[in-house]
Structures are given as C-alpha cells and as structure tokens.
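See below for the structure under consideration.
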Amino acid sequence: MTSSVTRAGCSYFGVRIPRHVRRDMADLAACGYTGVLHTFSENDFANYGDTMAELVAISHAADLSVQASPWGLGRTFGGEAESRWVAFHPEECQVLDDGRRVAAACLNSLAYRDFCKEWADWVLECGVDSVFWDEPAWVVPAHVGVDDAARWTCRCDRCAECFGAPIPAELTPEVRRFREGSVVSFLREVVAHVAERGGANTICLLPATEGTHGLADWDEVAAIPGLTTLATDPYWKHWDETAEPFVRRFARLLREPTERHGIGAQLWVPSFGLEREDIPELESAVAAAREEGVDDLWTWGYEACRHMTSLASPSAPLVWEAVSAALTTRPQMATTEAARSRLEASEGSVRKAAGR
Ligand SMILES: [Zn+2]
C-alpha cells in the first residue's frame, strides 16, 4: 500500500496586483499547500478578465492547482461579493413566498443559467483546473436584506412554468422536492457545460440535509455526469454546532456517494472567525475528516482571513499557523517574506495583549 499524498488547499481573495499575489502563492507553497481557490466575482468578470488569467498562471508557476469559485454570482453561491447581474435583470430574480421579488437570480431562469455558463467559459479560458460550484442554493433571506429567516423562494412565473402550476404559498412536500430538484437541475446544466469543454467540476454543498437550504439526497448530486469532486464545508460556528461531531458527520456523508460514483471527496474547514481557544477543536475536526477517509482538505481562507474585517479575528495569525500545520501535516516555519511579516504581526499582537 502506498501512502497517499497530502493535499491541502486554501482560498485566496482581495488582491488583484500580480506581484503581490506572486509573493503570497510562493508563501502558500512554502507552507505546504498544494492547491489554491481563487474567487472569480462578477466584478472580476467585468474588470479583471486578463488579470485573473495572470493570477492563475502565477499560481501554477508556484505548483498550486487552481479552483475557481463563482463568488457571490447572482447571489446564488457563497461569498461576500455583490451581484450586478441581478440589478440589470430584476425580472429574472427570485420571488419570496410572500410575493416580494428579491435581489437574487432564479435558479430556473434560462438567462441566468446562460450567464453562469459565460462565466464558466471565462474561468476555463483563464486556465483553472477545476470550477468550484460553491454552496449553490436558493437565496438566504438575510443576504438580500429580508430580516425573516422563515421566508423562502421561489414563486416566480418561470418556476411555476417548471412546476406545472402556480407555486403553492406553503412549503408542501411537492414544493420542497421541486426546490431541491431545481438546484440539482441547475447544477446538472452548468456541470455538463464545463465537462463538455474539458473542465473539471467540484460541487460544494452546504452542510445541511433539511431546512430551506439543505439537500436531502447527496447521492443525486454525486451522480451528476461530469462531476469530478463532491465537497462540503461544515463551518460549525455558523451552524451553531460542535466542531468534531459536525465535521465527522459530513465527512461520512461525503464518503458513501463519492465512493459509489467514483469521484473525489473534499472537505473545507473554517479558519476565519476562530479564536485562540478554538484551535484544539479545529485540529480535532481535521483529524476527524481524515479518520473518515477524506484527505483532500481545504480551508477558508488565506492567513485566516485577517485582511477582511468582517471575517477577521485577533487570533488570526495563530489560527493560520495551526490550520496550516494540521492540513499540510508540516511544521510551519518562517521561510518566506510573508511568513516573517506574519510572525512580526503575531508577536506585536501578543505584546499589545500583554500591555507591553
Ligand atoms: Zn423562480
């Protein structure tokens, strides 16, 4: 039996200046990472077309595989990016159960599906190794300014057409099935588009099998033709869960359908928003995923997201060191310029905390 190669990846966003990205990709590789996920937002699509191709080439030159996520696209995927498409196409947007139209594209909209395919063509032209369909789901009300988590979509005319009747105002079992079926049909179409062009696909499901954003049948997703890898991101704090059992449960849930369909299994752990005292939990979560047979492990995101105010925590330097050591199974050493400046920042925050 040969030992499997450790695969560890990390998301990266917020920098579009190639010489800075070059330094950070070298740092990631020196930490022992083998992959990077670059976010490709609508803003990038409109304004950074060639720059993103350059960032992919820089990543490859550092020996990192590259995944591309549709960051905040149409407000139907994960990510802290805004959507211009929804502003330009209000008629293609989702309708809440109470009849309000919200700023998120309908997954059954043909125009939106076409837009996602155009976006995919662009990221493939940029040279990415895999398209990472991140947290595809009907809109979360809070993300479009609706302060009522019980609201759900979609009751638009296009959905009624697909359903074969007006969408009932109540979440009946038929409506639930239709909503989940629409997510799967959307994924089937975009995954096929990428596969036909020779690209690889990862689908990252939210860690939920019920509720208004969960998918009950992960086997149905794993069976999508052209899918290379099924992923999930059990970010325990966000779901108000305990790290180790939550991650273990979803690692297990990945394993069976991915083995049955002969595709890869990938799991993401958070490094954003964690404090120093969360580190042992983070380490036990990574160990649990490995025990369940998932060894393609990624984290969101670079340097524990300390550069992004809404995701940062004061303990980010410590968390980054811990998550990097856990994922790459390598002790972390300050071998690059970026790592040395991290160390200085970390020592500075310790001195500040100690009042020195
Ligand atoms: Zn709709």
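With a simple spin-label model that places each label point 7 Å from the Cα along the Cα-to-Cβ direction, the separation between residue 237 and residue 147 comes to 2.4 nm.
I'd like to know how the range 213-356 sits against the 2.2 N^0.38 Å rule of thumb: what's its Cα Rg over that expected value?
Values: Rg = 17.0 Å, N = 144, 2.2 N^0.38 = 14.5 Å.
Compactness ratio reported: 1.17.
When you filter the chymotrypsin sites (Phe, Trp or Tyr not before Pro) in the range 182-282 for DSSP loop state and at most 15 other Cβ atoms inside 10 Å of their Cβ, you are left with 239.
How far, in degrees from 0 to 90, does helix 110-125 lean away from the longest principal axis of the Cα atoms of the chain, to the nearest 10? The angle comes out near 30 degrees. The residues of the range 4-133 expose, per residue, 37 Å² of accessible area to a 1.4 Å probe.
Taking every protein chain into account, the 1.4 Å probe leaves residue 115 with about 30 Å² of accessible area, to the nearest ten. Between residue 88 and residue 157, the contour length at 0.36 nm per residue exceeds the alpha carbon distance by 23.0 nm.
Here the sum of -39500 (n - 2.57) over DSSP H runs of 4 or more residues, divided by the residues of the chain, equals -13500 deg cm²/dmol at 222 nm, to the nearest 500. FRET efficiency for the pair residue 23 and residue 172, taken as 1/(1 + (r/R0)^6) with r the Cβ-Cβ distance and R0 = 45 Å, rounds to 0.25.
Relative to the longest principal axis of the Cα atoms of the chain, the long axis of helix 279-291 lies at roughly 70 degrees. Rolling a 1.4 Å probe over the protein heavy atoms gives the range 173-316 an accessible area of 41 Å² per residue.
Solvent-accessible area of the range 284-343 (1.4 angstrom probe, protein heavy atoms only): carbon and sulfur portion equals 56 percent. In this simple spin-label model, placing a label point 7 Å from the Cα along the Cα-to-Cβ direction at both residue 325 and residue 210 gives a separation of 4.0 nm.
Taking Lys and Arg as +1 and Asp and Glu as -1, the other residues whose beta-carbon sits under 9 Å from that of residue 34 total 0.
Under the rule a/c < 1.5 gives rounded, and otherwise a/b versus b/c splits prolate from oblate, where does the range 142-286 land using the Cα gyration tensor? Here the range 142-286 falls in the oblate category. Applying Stokes-Einstein at 25 °C and 0.890 mPa s to the Kirkwood radius of the range 202-248, computed over alpha-carbon pairs, gives a translational diffusion coefficient of 211 µm² s⁻¹. Using every pair of distinct Cα positions in the range 169-220, the Kirkwood expression returns a hydrodynamic radius of 12.3 angstrom. Only Cα pairs under 8 Å and at least 6 apart count here; give the relative contact order of the chain as a rounded whole percent. Across the chain, relative contact order equals 16 percent. Over the chain, all Cα pairs binned in 10 Å intervals from 0 give whole-percent P(r) values of 5, 24, 33, 25, 9, 2, 0, listed from short to long.
Neighbours of residue 196 by Cβ distance under 14 Å: Lys/Arg scored +1, Asp/Glu scored -1, total +1. Each other residue within a Cβ distance under 9 Å of residue 236 adds +1 if Lys or Arg and -1 if Asp or Glu, for a net charge of -3.
For a paramagnetic label modelled on residue 60 (point 7 Å from Cα along Cα→Cβ), amide N atoms under 12 Å away belong, within the range 89-127, to 124-127.
The values are calculated or read from the model by the stated rules, or taken from the named source; none is laboratory data. Bear in mind that the values here come from a model prediction, so they are computed numbers and not experimental data. Heads up, the Cβs are rebuilt from the backbone with ideal geometry, glycines too, and the neighbour counts pull from every protein chain shown. Each accessible area value is taken on the protein alone, full model and side chains, heavy atoms only, with ligands, DNA and RNA left out. Shrake-Rupley method; radii C 1.70, N 1.55, O 1.52, S 1.80 Å.
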